[in-house]
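Just below is one structure, and these are the notes that go with it.
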Amino acid sequence: MQRLYAIAWLTWKAAFRFRLFLVIAGLLLVSVVGLPLLIKDDGTARGFTQILLTYTLTAITALLGFSTLWLACGTLARDIEECQIQMLAVKPIARWQIWLGKWLGIVSLDAVLLALSAGCVYGLLQWRAHRLPPDQQQALRNEVLVARGSAREKNFDKEIDARADQLLRERLEKNPLETRQANLGEVRRQIRESVKAAYELVRPGSPSRPWRINLGSARLHLRGQPLSLRVKFNAAEGSASGTYGGILAFGEPPKTKTAQSPVLSMAPDTFHEFIIPPDLFDADGVLTITFGNPNETALLFPLEDGVEVLYPEGGFGPSFVRALGIILCWMALLAALGLASASLLSFPVAAFFSLGLLAMTLSSGTMANAVEEGTIAGYNPEKNTRGSSPVDLVVIPTFRAALKVIRLAMDFSPVDSLSTGRRVTWTQLGLALSQIVVLMAGSVGLLGIFALSRRELAGAQAVQ
Amino acid sequence: MATDLSTPHSALRTPHSEAEVVVSVTGLTKVFQDFWGRPKARAVDRVDFEVRRGEVFGLLGPNGSGKSTTVKLILGLLHPTRGLIRVFDHSPRHVPTKARIGYLPEESYLYRYLDSRETLDFFGNLFELPKRQRADRAEQLLEMVGLKQVQRRAVGEFSKGMQRRIGLAQALINDPDLVILDEPTSGLDPIGCHEVKDLIRALARRGKTVILSSHLLADVEDVCDRVVIYYGGRIQAMGALRELLAKPDSIRITAPALPRETLERVLALIRKDVAEDTVRIDTPTQNLENYFLEVVKNAQQAAAETSGVVSGAPVAAYLRGEAEGRPAADKLLERFTLAPGTETPGPAPAPSPAVDQVKLDSLAKAHGPAAPAPAPAPATEAGLEQANEKLATLLGKNPGPNAK
């Protein structure tokens, strides 16, 4: 332990003596204080706070992420290039301890920088909240500076898949030749899409199917409390005003009381939040919601995030700290990635490689599209035709595997949760720790340690 | 000079030959390869040697002959292409064994942003030394290498000589059983060189093993028991220095200045047995190193202040074998009970032309009482004064009060 501590301490010393710590801390503080002056919001305290949280925490994550990667590559690669590591390797310290000590040093440095900058964000938020009129303060504390639980409809995947398979079978029975003529996978995909759309669609002039959302055990402490409904929809056709009307109805007589909203005006493709009056769910905690579509166009509420009920569950502070914990897990992964690259490569190559991997991860949307379309050759939505490429056979499975790995880290969205007043749970933090740190950073770390242990730390250039 | 490589090691045995083998190298070959795995350079080629406990073992050779590569192979920094290395009967990559090794590389590979004390504390931590012991040893080592006054300056700001000194200090923080020194005197002033050689002798007296890689022949000659001489990655000669340098067919007699008649009588006697042109008479001179050290010693006494290294400090107590943390009274008692001259090593013997000591001893025994060992002639007062003045001029100071 003394050896690990010594190496970690050395990383700290280097960060201070080279003024890296001060520079990064300065940049972080400038971004925290400067960004709120530049960003535009919708004029409400809630909107401003949401944007402030999103921008500042995203900027902190990005800045800290890049500096972590840079520092991790530099601290090890430069030690090897400038031969200082020879002085460590001849001492009674195993190479895995050198590696781990450096990793611990970088992660602890990140923890302090993150705490420092996020502390400023938190202080800024509280200070601004205190300066608002009482009613806006209350709204802010109910909707953003709060930790809310979330409930959605049950998952319909099984039903959709079963129905899609049934329809495919019926179609093939009617036209057996299609088995040979068409790409069955593509046909099934199209059938599935249409089945799924039926679950999401609200036809013009009709009410939606009832959305039944089970609040689970949370119902026990939600009696007498208002809830929040968060909705998002897409429209089949554009609207001249850019918005669409709608009426929301809550409750299912005679099991529960009912309530109805006035006619609402909402823009498509964005989230809207409404207050649900208290006590409209039944004894089992199921809240029934219906949407009346008075427009002349169909609206589509995506199953993934179209309808969501949010309910108060705890304080903002602890949730904020847990969100920072998840961000720190990302930093731990980046530190491992940088160190692993530097275990094998020279500093510029390691930095280029790590940043390339990071860029690839951030552009995982492109990979997801290619996987969804089954080709990298592109999809023409107007003609509903897909290109094909011989490299698809290799690239698509590779992308699919890469996405699985990337999603282990990217499936967490602490900044989004905070800015929408959602609670970041201990379970999420635990999952982030186990998936990002233990599994991913651990695997990357093992590769790095293996490479460092096998590597010759003196080169031919020093032969005498 | 060259020794037949087919000569078995037993023929070259030194008094250490019965001691434990500390480093054993058998059939060692190192071929550096390029990115594609093609051989680039054969740095070490089929090398065999053993280093035993208490030996000061020299690796000699010109630049690029494979000395440093051998050292790095012994330390586990490079992997052998072929052959076997055992250090304390373990692989060079055995981590616990490294607790017994101290290493000074040929360049300063220290962290430039740490100061001297932080450097020693950091390396002490890697040996898991307790805080108190780290502090004590750092104190003694800084004193020993003369950097106590500049202990808070970053190592990156040091001159090459000062970096060598702190490098040497870190190599000794763990009181190692095997000390590997790669060009230890490179960049050091003559005083520093002298102190390093004193230190090596002190370590050897305590049964420590020292491997010294150098191309400075005088350094090796002063301290090494045995040497290997490399060229082109191969061992060209190996053996005890005394045996390698001996000229068994000649002797040297040193005496105070004699009257001309006495000298002629002696010469006449000698010419009866050997040809005239094989007899040489000259006035012995002391070597430059000793002379220089004496001059600086006088200068130090005259002017105590310096902005550089403070020299002349004794070897750290724990390296001399004195127990750490014992009461002062104990240490005092030990000083009085130690054999004379064991506490601080004496000055380096003046390198004299090779003398077959064994033969000389046998001659002395056969023909009466032994003549006193030749001592370097003291520098004349006038010579010292002159040198003092030169030094003072060089340093831009007035000669001290002792300088006349």
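Could you list, in sequence order, all residues of segment B:29-56 that are surrounded by fewer than 24 Cβ atoms within 10 Å (Cβ to Cβ) and touching a residue at least 40 places away in the same chain (Cβ under 8 Å)? Break it down stepwise before answering.
Going residue by residue through segment B:29-56, those that are surrounded by fewer than 24 Cβ atoms within 10 Å (Cβ to Cβ) are B:29, B:31-42, B:45-46, B:48-50, B:52-54.
Scanning segment B:29-56 gives B:Thr29, B:Val31, B:Arg42, B:Asp45, B:Arg46, B:Asp48, B:Phe49, B:Glu50, B:Arg52, B:Arg53, B:Gly54.
Quick one: which residue in A:Asp269, A:Asp305 is at positive phi and either surrounded by fewer than 15 Cβ atoms within 10 Å (Cβ to Cβ) or among the aliphatic types (A, V, I, L, M) (or both)?
Values: A:Asp305 fails: at positive phi.
Matching residue, one of A:Asp269, A:Asp305: A:Asp269.
Given A:Ile106, A:Ile160, A:Ile93, A:Ile98, which one is among the hydrophobic types (A, V, I, L, M, F, W, C) and outside any helix (DSSP H, G or I)?
Details: A:Ile106 fails: outside any helix (DSSP H, G or I); A:Ile160 fails: outside any helix (DSSP H, G or I); A:Ile98 fails: outside any helix (DSSP H, G or I).
Answer to the check: A:Ile93.
Read through the list (1) in contact with a strand residue (DSSP E or B) (Cβ under 9 Å, 6 or more places away or on another chain); (2) surrounded by fewer than 23 Cβ atoms within 10 Å (Cβ to Cβ), then give the number of the only condition that A:Met87 fails.
(2)
Is it the case that A:Lys232 is in contact (Cβ under 8 Å) with a residue 24 or more places away in the chain, basic (Lys, Arg) and not assigned by TED's automatic domain parsing to the domain that holds A:Leu303? Spell out how you get there, then give the answer.
On the way: in contact (Cβ under 8 Å) with a residue 24 or more places away in the chain: yes; basic (Lys, Arg): yes; not assigned by TED's automatic domain parsing to the domain that holds A:Leu303: no.
The answer is no for A:Lys232.
Could you grab me the full set of residues in segment B:73-110 that are within 9 Å of chain A (Cβ to nearest Cβ), part of a loop (DSSP other than H, G, I, E, B) and β-branched (Val, Ile, Thr)?
B:Val95
Would you mind listing the helices (runs of 4 or more DSSP H) fully within segment A:320-432 where at least 1 residues are open to solvent by 40 Å² or more (accessible area, probe 1.4 Å) and without any contact (Cβ under 8 Å) to a residue 12 or more places away in the chain? Spell out the reasoning first.
Details: elements: A:347-362, A:364-373, A:392-410, A:414-419, A:426-432.
Answer list for segment A:320-432: A:347-362, A:364-373, A:392-410, A:426-432.
Can we say B:Gly61 is within 13 Å of B:Lys30 (Cβ to Cβ) and within 13 Å of chain A (Cβ to nearest Cβ)?
Details: within 13 Å of B:Lys30 (Cβ to Cβ): no; within 13 Å of chain A (Cβ to nearest Cβ): yes.
So B:Gly61 does not fit the description; no.
Can you tell which of B:Arg226, B:Arg205, B:Arg201 is open to solvent by 20 Å² or more (accessible area, probe 1.4 Å), of a type in the set (D, E, K, R) and out of contact with any helix residue (DSSP H, G or I) (no Cβ under 7 Å at 6 or more places or on another chain)?
Working: B:Arg226 fails: out of contact with any helix residue (DSSP H, G or I) (no Cβ under 7 Å at 6 or more places or on another chain); B:Arg201 fails: out of contact with any helix residue (DSSP H, G or I) (no Cβ under 7 Å at 6 or more places or on another chain).
Step by step, each of B:Arg226, B:Arg205, B:Arg201 is checked, and only B:Arg205 is open to solvent by 20 Å² or more (accessible area, probe 1.4 Å), of a type in the set (D, E, K, R) and out of contact with any helix residue (DSSP H, G or I) (no Cβ under 7 Å at 6 or more places or on another chain).
Is it fair to say A:Glu308 is assigned to a helix (DSSP H, G or I) and among the acidic types (Asp, Glu)?
No: the conditions fail for A:Glu308.
If you scan segment B:117-137, which residues turn out to be more than 14 Å from chain A (Cβ to nearest Cβ) and buried (at least 20 other Cβ atoms within 10 Å of the Cβ)?
Start the filter on segment B:117-137 by keeping residues that are more than 14 Å from chain A (Cβ to nearest Cβ), which leaves B:135-137.
The one that is more than 14 Å from chain A (Cβ to nearest Cβ) and buried (at least 20 other Cβ atoms within 10 Å of the Cβ): B:Arg137.
One line per residue, one yes/no per condition, for (1) more than 14 Å from chain B (Cβ to nearest Cβ); (2) among the small types (Gly, Ala, Ser); (3) within 30 Å of B:Phe123 (Cα to Cα); (4) surrounded by fewer than 17 Cβ atoms within 10 Å (Cβ to Cβ):
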| position | (1), (2), (3), (4) |
| --- | --- |
| A:Val107 | yes, no, yes, no |
| A:Arg131 | yes, no, no, yes |
| A:Leu167 | yes, no, no, yes |
| A:Glu170 | yes, no, no, yes |
| A:Glu186 | yes, no, no, yes |
| A:Arg192 | yes, no, no, no |
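Of the conditions (1) assigned to a strand (DSSP E or B); (2) buried (at least 21 other Cβ atoms within 10 Å of the Cβ), A:Thr290 satisfies every one except a single condition; which number is it?
(2)
Tell me the residue from A:Ile98, A:Ile93, A:Ile106 that is more than 23 Å from A:Ser319 (Cβ to Cβ) and under 24 Å from the mean Cα position of the chain (by Cα), please.
Working: A:Ile98 fails: under 24 Å from the mean Cα position of the chain (by Cα); A:Ile93 fails: under 24 Å from the mean Cα position of the chain (by Cα).
Unique residue meeting the criteria: A:Ile106.
Yes or no, residue by residue, for (1) aromatic (Phe, Trp, Tyr); (2) open to solvent by 70 Å² or more (accessible area, probe 1.4 Å); (3) modelled with pLDDT of 80 or more:
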{"site": "B:Leu245", "(1), (2), (3)": "no, no, no"}
{"site": "B:Ala255", "(1), (2), (3)": "no, no, yes"}
{"site": "B:Glu276", "(1), (2), (3)": "no, yes, no"}
{"site": "B:Thr283", "(1), (2), (3)": "no, yes, no"}
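Those residues that are within 24 Å of A:Asn295 (Cβ to Cβ), open to solvent by less than 50 Å² (accessible area, probe 1.4 Å) and part of a strand (DSSP E or B), I need them from segment A:206-227; list them, please.
Listed by number, the residues that qualify are A:Trp211, A:Ile213.
Looking at A:Thr54, A:Thr58, A:Thr68, A:Thr44, which is the one that is buried (at least 20 other Cβ atoms within 10 Å of the Cβ) and not aliphatic (A, V, I, L, M)?
Values: A:Thr54 fails: buried (at least 20 other Cβ atoms within 10 Å of the Cβ); A:Thr58 fails: buried (at least 20 other Cβ atoms within 10 Å of the Cβ); A:Thr44 fails: buried (at least 20 other Cβ atoms within 10 Å of the Cβ).
None of the other options fit; the residue is A:Thr68.
With in contact with a Ser or Thr (Cβ under 6 Å, 6 or more places away or on another chain) and over 15 Å from B:Gly187 (Cα atoms) as the only criterion, which of B:Gln163, B:Gln140, B:Gln151 stands out? Steps first, please.
Numbers: B:Gln163 fails: over 15 Å from B:Gly187 (Cα atoms); B:Gln140 fails: in contact with a Ser or Thr (Cβ under 6 Å, 6 or more places away or on another chain).
Criteria check complete, one pass: B:Gln151.
For segment A:47-68, does any single residue satisfy the condition of being within 14 Å of another protein chain (Cβ to nearest Cβ) and touching a Ser or Thr at 6+ places or on another chain (Cβ under 8 Å)? Explain how you work it out, then say what you get.
Our first condition is that a residue be within 14 Å of another protein chain (Cβ to nearest Cβ); within segment A:47-68, this holds for none.
So far as segment A:47-68 goes, no, none of its residues is within 14 Å of another protein chain (Cβ to nearest Cβ) and touching a Ser or Thr at 6+ places or on another chain (Cβ under 8 Å).
The values are calculated or read from the model by the stated rules, or taken from the named source; none is laboratory data. Note that the coordinates shown come from a computational prediction; the quantities given were computed from them, not determined experimentally. So basically every Cβ, Gly included, is an ideal-geometry build from the backbone, and we count neighbours across all protein chains shown. Side chains are part of the model used for accessible areas, which takes the heavy atoms of the whole protein and leaves out ligands, DNA and RNA. Shrake-Rupley method; radii C 1.70, N 1.55, O 1.52, S 1.80 Å.
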